[in-house]
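Engineer: Quick one: structure below, then a few questions.
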Amino acid sequence: MRRQLPILIVFVSGVFMIIQYFIPHESFEFIYEYAMDWIIIIGIFAMLLGLWSLTRVSVSKVQTKAPGWGFSVMTLIGLATMLFLGIYKGNKSIAEGTLFMDIFWNIYTPIQATMFALLAFYIASAAYRAFRARTVMSTILLVTALVIMLRLIPLGPLSGINQTLASWILTVPNMAAKRAIWIGIGLGATATCLKIIFGIERAYMGKD
Amino acid sequence: MTFYERLMQLDRRWIYLAIAIAVIIPVLLPFKVPVYITPEVRSVYNFVENTQPGEIIFLAIDYDPNAMAELHPMAKSIMRQAFSKNIKLIISALSQNGPGMAEQLISQISKEYNKKNGVDYVYLGYKPYFGIVILAMGQNYRIPFPTDYYGTPLDSLPMMDGVRNYDDVKGIIDIGGGNITEYWINYANGRYKAKVALGVTGVMTADYYPFLQSGQVFGILGGLKGASEYERLTKREGEATEGMSIQTVAHLVVIAFILIGNIGFFMSKKKK
Amino acid sequence: MVTDLTTAIWNTVAVFLTFCIFSFLYKDNPFYKIAEHIVVGVSAGYFAALLLWDGLVPKLWEPVVKQGKWYYLIPGFLGLLMWTRFSKRYSWISRFSIAFYMGIATGVAVPLYVQNYVLRQLISTMLPVHFQNLTGIFNLLIILGVLCSLIYFFFSKEHKGAMGLAARVGIWNLMVGFGAGFGLTVMGRVSLLINRVQFLENYFPSLIRFIR
């Protein structure tokens, strides 16, 4: 029962949702709307699981004095501070102008944005070290990348030609390649979803 | 070790320094570069331009602060264009770290045009499981969002009177930095036939051309270039246009590194 | 930017943390690690507060307590069952909530994936081919590009003969796609750095003006 009943739930709800797509009757719409509504509420509790998991891992590192445990203290301080500031004034706690949002703008945002800004350096370094015209395929990749990058550089009389060529690359061969990838994604995702609905794929259930 | 072999083993921190200089110098010594308008950006601009005052556009601000650099200028330009034409906006923020950032943007732009919450725009905020939220909004906005971001019931907002779902908006413009964009195409356009346009980061731009060609989306703003094109069209040049000159120098440096790397590779191979 | 003492302090904190992250480019160091761990905690706390006020309160608390819709306790209960995941003895109970979510999400996705990622894309590939103008020729290139790229991904048959040729054309086409993606990625990454440099460039002059 511990495994069969969930598989049955997945099958019944999955098949129902497939069928209701083709039957726009009121009664199907009614169940569909409530299903959407309830899933969002369940999802909120599922998201909070991640928070508990983070707390557990950080506390465990501090308790066992694992290497780098001092940094986990910083994580817990950040977490506790934001939780307190986000709750103590009721729903006004997260309004613009509060200490909660000041921390979001002046601590979270610069760190997050700068972490992603590091990628600019990494891509330059990777381009220098790894981008080699060794084979026909890598040469095609390299030449295409150069044409697309040259779009942003004023080339005088050649700018018009380059813009047209870049536009053609994006709307013809690139479009064809990405279309093939999307078709593959669609087929693969459909197969995976059907495997889950029919109980062939059960990894989501975890171990007994 | 020959010169070319030493070139191949250049410490990457010198490359980092070169990129840093390439970005800092144009910031201190700004200059202008031409911006070419592409049809996919122009179609988004024309869509907003042809929307009548009082009609509603759904603007989905689906990115975190890490994608703000490319996507904030797009969101600002579209909001300014809409508010200047008295077009109403319903705004959502389905990316988990984006709602506060979206709220700050909305407050800033709405104040510029003296627009009132609940009358000229409605900010729905965030709910988890964006795929389900997008589907549910296609039935009724009140299913995932019984209240707006500020806790006011949607039914008590004047703008939401008679506005139920995607059928009551002219179209959807999704400005996203992750895979939420796919769900707007798949669910909002796929199931509910809503008109969808995209504003995406540079990384994602190339991936969505198949949907442009098939008509599933009617326009794409791609990265900072797309944002600068839109600023040029709305005749209000800002951060994106300033950024394009810096992009030019940085791209030149990256191209130079690629060419030097290849020259070094082939010359050191030749020597062997 | 820096207009008063409060903004001066907050912007200085933001600039300090920005440089902590940039210091990683030289080498890994405690400043970078502190900033990294702080952002994890702050983002989790921010998200939790958001889930409470934007999620639980309007979707569960208000319907049950203020509107008397007691049936909302059912999804609330199912959500709580998720939390048994952490118990070794009772983790099997969480499967019911997960099963409900998985069934609905996959059932909704199946017809839409087939329609939008497969059928619509195939329909849009059926383009008129002619040699009267460039459009007809480009349409032929699109059809060949999609077909050959799909053939490349078909690994059930060996890529020999005509199939091998088609697969080779397919991988060349895919390389064009990846090259285009790389070119646009460079622009995307550099944009993120530009934003940070512009932030720093706005901070220092405004701080100096404030101090004066």
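The values are calculated or read from the model by the stated rules, or taken from the named source; none is laboratory data. Treat the numbers as computed from the prediction; the structure is a model and nothing was measured. Please note: Cβ atoms are built from the backbone with ideal geometry, for glycine as well, and neighbour counts cover all protein chains shown.
Engineer: Need pairs with beta-carbon distance below 6 Å; first residue charged (D, E, K, R) and within the stretch B:1-24, second surrounded by 13 or more Cβ atoms within 10 Å (Cβ to Cβ); sequence gap 6+ or separate chains.
Structural biologist: Close Cβ pairs (under 6 Å, with a partner that is surrounded by 13 or more Cβ atoms within 10 Å (Cβ to Cβ)) amount to B:E5/B:S268; B:R12/A:S125.
Engineer: While we're looking at this one, here's another question. Which members of the stretch A:85-121 meet the condition of being more than 7 Å from every other protein chain (Cβ to nearest Cβ), part of a helix (DSSP H, G or I) and farther than 25 Å from C:A8 by Cβ?
Structural biologist: A:G90, A:K92
Engineer: Residues that are at pLDDT 95 or above and polar (S, T, N, Q): which helices (runs of 4 or more DSSP H) entirely in the stretch B:170-256 hold 2 or more of them?
Structural biologist: Working: elements: B:180-183, B:202-205, B:209-214, B:223-233.
Answer list for the stretch B:170-256: B:209-214.
Engineer: Which numbered condition in (1) touching a residue at least 60 places away in the same chain (Cβ under 8 Å); (2) assigned to a helix (DSSP H, G or I) is the only one that B:K111 fails?
Structural biologist: (1)
Engineer: State whether one or more residues within the stretch B:70-84 are aromatic (F, W, Y), under 30 Å from B:K127 (Cα atoms) and surrounded by fewer than 22 Cβ atoms within 10 Å (Cβ to Cβ). Step through it out loud before you land on a result.
Structural biologist: First pass over the stretch B:70-84, keeping only residues aromatic (F, W, Y): B:83.
Subset that is under 30 Å from B:K127 (Cα atoms): B:83.
Now restrict to residues that are surrounded by fewer than 22 Cβ atoms within 10 Å (Cβ to Cβ): B:83.
Yes, the conditions are met somewhere in the stretch B:70-84.
Engineer: While we're on this one: Any idea which of (1) surrounded by fewer than 24 Cβ atoms within 10 Å (Cβ to Cβ); (2) in contact with a strand residue (DSSP E or B) (Cβ under 6 Å, 6 or more places away or on another chain); (3) not hydroxyl-bearing (S, T, Y) is the one B:G215 doesn't satisfy?
Structural biologist: (2)
Engineer: Now, a different point. Those residues that are more than 8 Å from chain C (Cβ to nearest Cβ) and hydroxyl-bearing (S, T, Y), I need them from the stretch A:18-52; list them, please.
Structural biologist: Once the filter is applied, which keeps residues that are more than 8 Å from chain C (Cβ to nearest Cβ) and hydroxyl-bearing (S, T, Y), the stretch A:18-52 yields A:S27, A:Y32, A:Y34.
Engineer: Condition first: more than 22 Å from B:G162 (Cβ to Cβ) and without any contact (Cβ under 8 Å) to a residue 60 or more places away in the chain. Now tell me which residues in the stretch B:114-140 satisfy that. Break it down into steps so the answer makes sense when it comes.
Structural biologist: First pass over the stretch B:114-140, keeping only residues more than 22 Å from B:G162 (Cβ to Cβ): B:114, B:126-132.
Matches in the stretch B:114-140: B:N114, B:Y126, B:K127, B:P128, B:Y129, B:G131, B:I132.
Engineer: What residue, among those in the stretch B:116-158 that are more than 15 Å from A:I44 (Cβ to Cβ) and aliphatic (A, V, I, L, M), is nearest to the other protein chains (Cβ to nearest Cβ)?
Structural biologist: The qualifying residue nearest to the other protein chains (Cβ to nearest Cβ) is B:L135.
Engineer: With buried (at least 22 other Cβ atoms within 10 Å of the Cβ), more than 7 Å from every other protein chain (Cβ to nearest Cβ), of a type in the set (G, A, S) and in contact with a helix residue (DSSP H, G or I) (Cβ under 6 Å, 6 or more places away or on another chain) as the only criterion, which of B:G238, B:G243, B:G202, B:G226 stands out?
Structural biologist: Values: B:G238 fails: buried (at least 22 other Cβ atoms within 10 Å of the Cβ); B:G243 fails: more than 7 Å from every other protein chain (Cβ to nearest Cβ); B:G202 fails: more than 7 Å from every other protein chain (Cβ to nearest Cβ).
When all the criteria are applied, what remains is B:G226.
Engineer: Still on this structure, I have one more. Give me the residue from the stretch C:80-124 that is more than 7 Å from chain A (Cβ to nearest Cβ) and of a type in the set (G, A, S) and, out of that set, surrounded by the most Cβ atoms within 10 Å (Cβ to Cβ).
Structural biologist: C:S94
Engineer: Counting residues that are within 7 Å of chain C (Cβ to nearest Cβ), which helices (runs of 4 or more DSSP H) fully inside the stretch A:122-207 reach at least 3? Spell out the reasoning first.
Structural biologist: Numbers: elements: A:136-150, A:159-171, A:173-197.
Answer list for the stretch A:122-207: A:136-150, A:173-197.
Engineer: Hey, can you tell me all the residues within the stretch C:156-205 that are in contact (Cβ under 8 Å) with a residue 24 or more places away in the chain, within 8 Å of chain A (Cβ to nearest Cβ) and of a type in the set (A, V, I, L, M)?
Structural biologist: The answer is C:L174, and nothing else.
Engineer: Please return the ranges of helices (runs of 4 or more DSSP H) entirely within the stretch C:78-178 where 3 or more residues are under 30 Å from A:I44 (Cβ atoms) and hydroxyl-bearing (S, T, Y).
Structural biologist: Hits in the stretch C:78-178: C:94-113.
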